[in-house]
Amino acid sequence: MISIMFKKKRLSKSGFVQGAFITTFGIVISKILGMFYVIPFYAIVKEKGGALYGYAYTIYSFFLALSTAGIPLAISKTVSEYHTLGYYKTKERTFRIAKQISILMGLICFILLFVFAPLVAKLILGDLTGGNTIDDVTHVIRVIDTAILIVPILSVYRGYLEGHRYLKSTSISNVLEQIVRVTLIIFGSLLSVYVFHTSLDTTVGTALFGATLGAFVAFVYLFKVVRKNKGQITRKNLNVKEPKISNKKIIRKIIIYAIPFIMIDVFKTMYDFIDMSTVVKTIASMKDYSLAQAEEIMSIMSTWGSKFNMIIGSISTGIIVSLIPTLTESFIEKDKEEINKKVNKTLQMLLVFVVPMTVGLSLLSRPVWILFYGNSTYGPSVFAYFIFIALFASLFTVTITILQVFKDYKTIYTSLIIGFLIKLLLNVSLMNSFNKMGLPPYYGSISSTIIGYFVSAVICLIVLQRKFNINYENTLKEGINIIFSTLFMGISIILLRFVIPNYSLNRILNIPIIICYTFVGGLVYFIIVHKSNTLNNIFGKKYFEKVLIKSKKM
C-alpha cells in the first residue's frame, strides 16, 4: 500500500485556502474511518467496554500531549519561519533537534505512564465497585502506552512537512494511520471474543493497540516521503547569509513555541479528566441513577459521543494546519493587511462548515445514534447537546492558535486558566442544579464545558481586536448569514418530520432517513448561504469549485 503512494514525482505546496481544504479533507476522512469502527466495536464490548476504552484513551491523550509537547505545530511554525527568512541550514538542524527531543520525551512519558498506571486507575475509579476494576484499567492503559513511543517522532515529521506547506503527504499519513488502526480494532476485537474467547480487558487492549500499529505505519510512510524528496525539500530558493544560530537557541525557540500548544492540549484533556473524575461519582450518588447508568452516560461522553465531535473538530484542525505556516509567513513579513485577511478567512471558513454540521447532527441525533449504536436510553439525549461542545471547542482552538502565531502567550495562558477554572467550579454544581430542576444532570457537565470554551474564545477574540487591530466587520456579516441559513436548514429538517419519520428502531432503515434529511437540510443551507454571496465572499467566486475539483483528484 505504501509503495503505491510514491508514484508522484514531486511534492506540491498548498496555499492557505487550498491547504485548508486538503488537510481538512484528509483529517475528516480519517475521522470518519475512525467513527465507523464504532458500530461493530460497540456491539462487541458494549457500554462497559466502551467506558474502559474511554478511560485508557483519555489518560493516553493527556500523556500524548506531554510527550509530543506541542512539537508538530511548533516545528511547523519554526520551519516556516526559518524557510521564509532563507535560513535553510538552521531549518534542517531544527528538524534533527526536534527528532531527538521527541524520542526522549516519548520514552520518558512511556515509562512514567507504565509505572504509575495502577495509581492512575485508582484515581479514576476510586472505591467504586460493580463495573470495571482497577486491574482492568491498568492493563488497557499500559497497552495504549506503547503508542507514545512512536507518535512523537511521527508528529515531528508531520510538522516538518507542514512547515513547508507539503500538506498532501501528511493528509495521506492521517488516512493511512486510521485505516490500520480501525482494521486492528475491528478484526482484533472480533478474534479476541469469538476465536480466542479472551476477557473484556484483553479485547479492549487489542483494540487500543491499533493506535500503536497505525502510528508505526504512518511513520514509515512519512519517513520514506522525506527521504525520497530530500533534495526538493532542502533546495534553497533565497540566497541569504545565515546568522550563526546555536542549537541552544533553536531548542529554546522550539520550547517557547511548543509550550502554548502543550497547554492547549493539556487543558482540553483536563476538561475530559474533570468529567471522568466527577460525572460518574456525582450522577451515581443521585437517587434516580445507578453506577451502571452513570458509567453508561460517561462512556457516551468520553467514547461514543466524542467520535462525532471529532468530525466537527477535524475541520478546525485542518484549517489550523494550513493556517500556521501561511500566517507565520505574513507575520514575519509584517503584512498587516494579509494578517487581517487570513484571520477573518479562518473564522469564516470555520463557521460556514461547523455551525450547520453541529446543528444538523443535533437535530438528527436519534437516527444517527440508533444507526451506529442501536436504541439507547441516554445516547440520543446526551449526543443532541454534547455535539455543541465541538462547535465551541473548535472556535476556542482556532482563536488561541492565532494568538500563538502572534506570540501573545500571556493572553493564551490567561484564557486557558479562566476557562479551566470555570469548568472546574461549575461542573458538579451545575449537575446538581440541573438534577434539582428535573433536567438531565449530565446537561450540567456539558454546559460547564461549553461555557469554559466560550469564555476562553471570547477573551482571545477581544485581545485580537484590541491588540492586533483585527477587524471582524466582514466576519460578523458572514456569520449572521451563516446563522440565518442554518436556522432555515433547521426549520426544514423539523418540518420534514411531518412527512417522513425522523428515525426507525431498525438500524439499517435509519440510513435512508439520514440521507434524506441531510440532503434536504444541506440543500436549503447551501442555497441560502450561496444566494447571500457568503460562499463567494469567503472562497472567491470561482475558487470554491476549483478547490473541490482538485480535492477529488487527490
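Only the coordinates and a few stated rules stand behind these numbers; no lab work does. These figures come from a predicted structure and were not determined experimentally. All Cβ positions, even for glycine, are placed from backbone atoms using ideal geometry, and neighbour counts span all protein chains on display.
Taking square-rooted eigenvalues a ≥ b ≥ c of the alpha carbon gyration tensor, is region 169-271 rounded, prolate or oblate, where a/c under 1.5 means rounded and, failing that, a/b exceeding b/c means prolate? The partial results should precede the final answer.
Values: a/c = 3.98, a/b = 1.89, b/c = 2.11.
It is oblate, given that a/c is not under 1.5 and a/b is not larger than b/c.
If you wrap the chain's Cα atoms in a convex hull and average its projection over all directions, what's the area in nm²?
Details: hull surface 101.7 nm².
It is 25.4 nm².
With unit charges on the beta carbons (Lys and Arg positive, Asp and Glu negative) and the dipole taken about the Cα centre of the chain, which residue among THR198, LEU222, ASN474 sits farthest to the positive side?
Result: LEU222.
Give a quick list of GluC sites (Glu not before Pro) in region 301-359 that DSSP marks as loop, anything other than H, G, I, E or B, with at most 12 other Cβ atoms within 10 Å.
On the way: sites: GLU329, GLU333, GLU337, GLU338; in loops: GLU333.
Within region 301-359, the qualifying GluC sites (Glu not before Pro) (loop, at most 12 other Cβ atoms within 10 Å) are GLU333.
Do any trypsin sites (Lys or Arg not before Pro) in region 318-348 lie in a loop, going by DSSP, with at most 14 other beta-carbon atoms within 10 Å of their beta carbon, and if so which? Provide the component values of the computation, followed by the final result.
Working: sites: LYS334, LYS336, LYS341, LYS342, LYS345; in loops: LYS334.
Within region 318-348, the qualifying trypsin sites (Lys or Arg not before Pro) (loop, at most 14 other Cβ atoms within 10 Å) are LYS334.
Picking from LEU64, ILE332, TYR378, whose Cα lies most toward the positive end of the charge dipole for the chain (charges on Cβ: Lys, Arg +1; Asp, Glu -1)?
Looking along the dipole axis, the top candidate is ILE332.
Taking the Cα centre of the chain as origin and charging only Cβ (+1 Lys, Arg; -1 Asp, Glu), how large is the dipole, in debye to the nearest 20?
Working: 58 positive and 26 negative charges, 574 e Å.
Using only the charged Cβ atoms, the result is roughly 2760 debye.
Go ahead and estimate [θ] at 222 nm for the chain from helices alone: -39,500 (n - 2.57) per DSSP H run with n ≥ 4, summed, over the residue count, rounded to 500. It would help to have the intermediate numbers written out before the result.
On the way: 22 runs with 446 residues, N = 554.
Calculated at 222 nm, the ellipticity per residue is -28000 deg cm²/dmol.
Lys/Arg Cβ at +1, Asp/Glu Cβ at -1, dipole of region 119-221 taken about the Cα centre: which of VAL120, THR212, GLN178 is farthest positive-ward?
Final value for the positive-end residue is GLN178.
What does the highest-first list of 430-440, 206-216 look like by mean Cβ count within 10 Å? Don't skip to the end; give the middle numbers.
Details: 430-440: 15.7, 206-216: 23.5.
The packing order, highest mean first, is 206-216, 430-440.
Do any trypsin sites (Lys or Arg not before Pro) in region 446-503 lie in a DSSP loop with no more than 15 other beta carbon atoms within 10 Å, and if so, which? Intermediate results must be reported in sequence, preceding the final value.
On the way: sites: ARG466, LYS467, LYS477, ARG497; in loops: ARG497.
Counting only loop positions with at most 15 other Cβ atoms within 10 Å, the trypsin sites (Lys or Arg not before Pro) in region 446-503 are ARG497.
Ordered by packing density, taken as the mean number of other Cβ atoms within 10 Å over each peptide's residues, highest first, how do 255-262, 112-119 rank? Mind showing how you got there, number by number?
Details: 255-262: 19.9, 112-119: 15.8.
Packing proxy ranking, top to bottom: 255-262, 112-119.
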